[in-house]
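Step one of this worksheet: look at the structure below.
The values are calculated or read from the model by the stated rules, or taken from the named source; none is laboratory data. The structure presented is a predicted model; accordingly, all values stated were derived computationally and were not measured. Using ideal geometry, Cβ is built from the backbone for each residue, glycine included, and neighbour counts are taken over all protein chains shown.
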Amino acid sequence: MNRETAPTDWKGAAMQKRIAGRYAAERRFKLFGLGAVLLSGLFLAFLLFVMVGNGLRGFTYTNVEVPIDFKAMPLTVDASRLGDADADQAIADAGLADIVAFAADEALGADGAKMISENAWKEVRTQIKADPAILQGKTVFHLPASSEVDIAAKEGAKGALGAKVDALQRDGKLSTGIHWPFFKNADATDPAVAGIWGALKGSVLTIFIAFLIAFPTGVLAALYLEEYAPKNRWTDLIEVSINNLAAVPSIIFGLLALAVFINWFGICQASPLVGGLTLALMTMPVIVIASRNAIKSVPPSIRDAALGVGASPVQVVFHHVLPLALPGILTGTIIGMARALGETAPLLLVGMRAFIGDVPGGICSPSTVLPMQIFLWSDEVDRGFVEKTSAAIIVLLIVLLSMNALAIYLRNKFEKRW
Amino acid sequence: MTMTQDDLTIADPKMTAKGVDVFYGQKQAINDVSIDVGTDLVTAFIGPSGCGKSTFLRSLNRMNDTVASARVTGTILLDGEDIYAPSMDVVQLRARVGMVFQKPNPFPKSIYDNVGYGPRIHGLAPSKADLDVIVERALVRAGLWDEVKDRLGESGTALSGGQQQRLCIARAIAVDPEVILMDEPCSALDPIATAKIEELIHELRGKYAIVIVTHNMQQAARVSQRTAFFHLGTLVEYGKTTDIFTNPKQERTKDYITGRYG
């Protein structure tokens with residue numbers, strides 16, 4: 001036999017070493033991967049732990065038992081005015097706030113008025129409006145505590161305040177309940193009445209507007225580019241522009257929106273309308289890219305089949321391509337929308353960072369959004385807002401996770417095999 | 001190219017191609033092909049891979065229009081009417097000249113909707129009852145009715161490969177075409193499914209003009225009455241199938257059918 005090289009020595013030491021090295025590399029790679037997964041899991045667990053730990057307390061609030069005897073301290077309001085639209089004003093004018101403060105002093109000691117929320121009398125007012133008979137006698141109210149007392153009751157406190165709160169707790173004058181104002185109100189300076197509903201509704205309206213504009217335009221643009229547009233330098237240019245647009249920092253879109261929508265078109269600023277338009281600008285390129293990929297992945301054989309029985313191009317698109325691309329389009333859209341929902345930067349510039357004390361009534365009334373509310377609350381000095389911030393983060397995360405769950409559900413529902 | 005014209009006496013050709021060239025960009029895929037397709041005949045296009053037989057087939061119902069770089073010159077007539085004339089409606093043309101593809105490609109819809117799709121978009125069935133009749137007739141003609149009549153609501157993609165291909169044939173004949181183009185309809189099927197399709201082609205002969213592209217020379221010999229041999233984008237020889245296989249006039253044809261190349 002006339003070999004030019006020696007036969008490969010599969011059993012030799014050098015070969016064994018190479019094999020060992022290969023296995024070691026394999027193990028190393030696996031370990032690194034596992035480490036990365038564990039690390040990210042750890043971060044997630046830590047985040048959830050901290051958020052849930054702090055945030056859950058934000059959903060509850062401490063109430064203080066305050067008996068008020070309206071016989072001893074009469075509130076002189078014309079009974080007929082209680083049903084009117086200006087009943088609130090009438091009761092306020094009659095000096096209810098002072099009565100409640102006095103009753104608190106009486107029930108809780110010297111600083112009693114400071115231990116209940118400065119807005120506590122509004123709770124009494126609501127109850128009076130519901131049942132005017134209260135004015136005829138003595139009633140025990142559970143009024144929201146002041147922010148300091150609430151924190152002290154939840155976390156414990158030192159000094160005079162701590163001792164007082166402990167005493168109240170021993171006497172059974174403190175109770176903890178779900179903080180309904182948190183779910184019903186908009187922002188406020190007093191954590192006892194500050195709520196997330198204004199921001200949540202603002203977010204929903206904003207995202208709805210963004211979806212209404214970005215989804216049809218994005219999908220139609222993608223369909224045109226994939227199915228109709230000739231492949232030439234212009235469409236290449238458009239494609240590159242769209243890809244670049246998707247990578248533009250979001251605050252730039254805010255500047256653009258400020259210049260175009262507010263300064264030029266004069267659209268109501270700080271409103272869900274202008275916010276939605278801004279986020280639509282930002283999300284559309286993402287939807288176009290996701291939709292184009294989904295449309296591209298529809299097998300050409302389906303197009304051939306439809307064309308082969310004489311379907312027109314529009315029929316091919318709407319009967320076959322779009323239904324088959326829909327799961328991908330929806331997934332991309334919802335992920336884009338979820339990103340828009342968590343977006344703060346572009347909305348700073350269209351005025352949505354203002355303090356908005358009212359729940360937005362429509363798409364043109366001033367409003368803020370969830371991430372902005374989190375940002376605003378995290379800046380507050382009052383310690384009561386720390387847990388409100390965490391609670392708002394939990395609300396935002398729940399909304400985001402629901403949107404992602406919806407995306408997965410829709411994808412599975414519409415996905416078809418072929 | 002010397003063709004034996006006496007073999008091509010088709011009194012009333014369904015389709016006629018005259019001097020057809022097809023280009024993909026600068027590359028010429030088909031060079032000066034002239035051929036008649038008979039009304040009651042099965043015409044087979046044979047030739048080695050890349051010889052342009054599928055390209056030529058796809059120019060017969062203008063499926064090449066979907067390829068941006070494709071360009072067709074010359075004349076192709078359907079019943080004497082130029083199919084590339086501006087007055088020709090391409091959507092109607094493709095209904096009149098149906099197509100069955102290499103890989104079975106049913107829509108991911110129910111069997112009923114697969115067959116009913118064409119009649120529906122062309123408005124051939126005014127009512128649901130009419131459509132039922134059309135779907136049943138197409139499935140019967142495609143020899144699939146007995147196998148699927150109890151599960152018309154099931155997805156067409158759930159059928160076996162051979163059944164899928166017969167479903168595609170049913171889908172093509174549901175719009176009542178005049179010509180059916182088949183682009184290697186059996187290349188993805190096993191021998192039993194292939195035999196069924198060949199049987200089906202026999203039965204459909206006479207109802208439709210059929211053009212079939214095939215790699216399989218035995219298949220061409222079995223199913224067709226006319227055979228055209230393509231090589232390197234040209235039509236080398238066209239004649240009666242028996243003549244092509246027993247007594248080819250061209251050296252290249254002879255080499256191909258005896259397995260010298262291809």
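Restricting the first member to the stretch A:73-86 and to residues that are assigned by TED's automatic domain parsing to the domain that holds A:ALA103 and within 20 Å of A:ASP98 (Cα to Cα), and the second to residues that are outside any loop (DSSP other than H, G, I, E, B) and among the basic types (Lys, Arg), the beta-carbon pairs closer than 8 Å and six or more apart or on different chains are A:LEU82/A:LYS129.
On inspection, A:ALA290 does not qualify as away from chain B (no Cβ under 14 Å), assigned to a helix (DSSP H, G or I) and within 30 Å of A:PHE355 (Cα to Cα). The residue that is nearest to A:ARG383 (Cα to Cα), counting only those in the stretch A:128-145 that are of a type outside the set (Gly, Ala, Ser) and in contact with a strand residue (DSSP E or B) (Cβ under 7 Å, 6 or more places away or on another chain), is A:PRO144. The number of residues in the stretch A:243-268 that are within 30 Å of A:SER367 (Cα to Cα) and part of a helix (DSSP H, G or I) comes to 17. Exactly one residue among B:VAL100, B:VAL133, B:VAL90 is within 13 Å of another protein chain (Cβ to nearest Cβ) and either aromatic (Phe, Trp, Tyr) or surrounded by fewer than 20 Cβ atoms within 10 Å (Cβ to Cβ) (or both), and that residue is B:VAL90.
On inspection, B:ARG141 does not qualify as basic (Lys, Arg) and within 13 Å of chain A (Cβ to nearest Cβ). Among the conditions (1) at pLDDT 90 or above; (2) touching a helix residue (DSSP H, G or I) at 6+ places or on another chain (Cβ under 7 Å); (3) within 13 Å of chain B (Cβ to nearest Cβ), A:SER301 misses just one, which is (2).
For the criterion of being under 30 Å from A:VAL386 (Cβ atoms), surrounded by 10 or more Cβ atoms within 10 Å (Cβ to Cβ) and within 46 Å of the chain's Cα centre (by Cα), A:PHE29 fails.
Looking only at residues of the stretch B:108-125 that are aliphatic (A, V, I, L, M) and under 15 Å from A:HIS319 (Cβ atoms), we find that the one that is nearest to the other protein chains (Cβ to nearest Cβ) is B:ILE121. Kindly evaluate B:ASN105 against the criterion of being within 13 Å of chain A (Cβ to nearest Cβ) and modelled with pLDDT of 90 or more. Yes: the conditions hold for B:ASN105.
Remark: pairs (first residue in the stretch A:306-325, in contact (Cβ under 8 Å) with a residue 12 or more places away in the chain; second residue among the small types (Gly, Ala, Ser) and not in a helix (DSSP H, G or I); Cβ separation under 9 Å; 6+ apart in sequence or on different chains) = A:HIS319/A:ALA311; A:HIS320/A:ALA311; A:LEU324/A:SER297; A:ALA325/A:SER297. The helices (runs of 4 or more DSSP H) found entirely in the stretch A:64-158 that carry 3 or more residues being under 39 Å from the mean Cα position of the chain (by Cα) and under 30 Å from A:ASN54 (Cβ atoms) are A:112-115, A:120-130, A:147-155.
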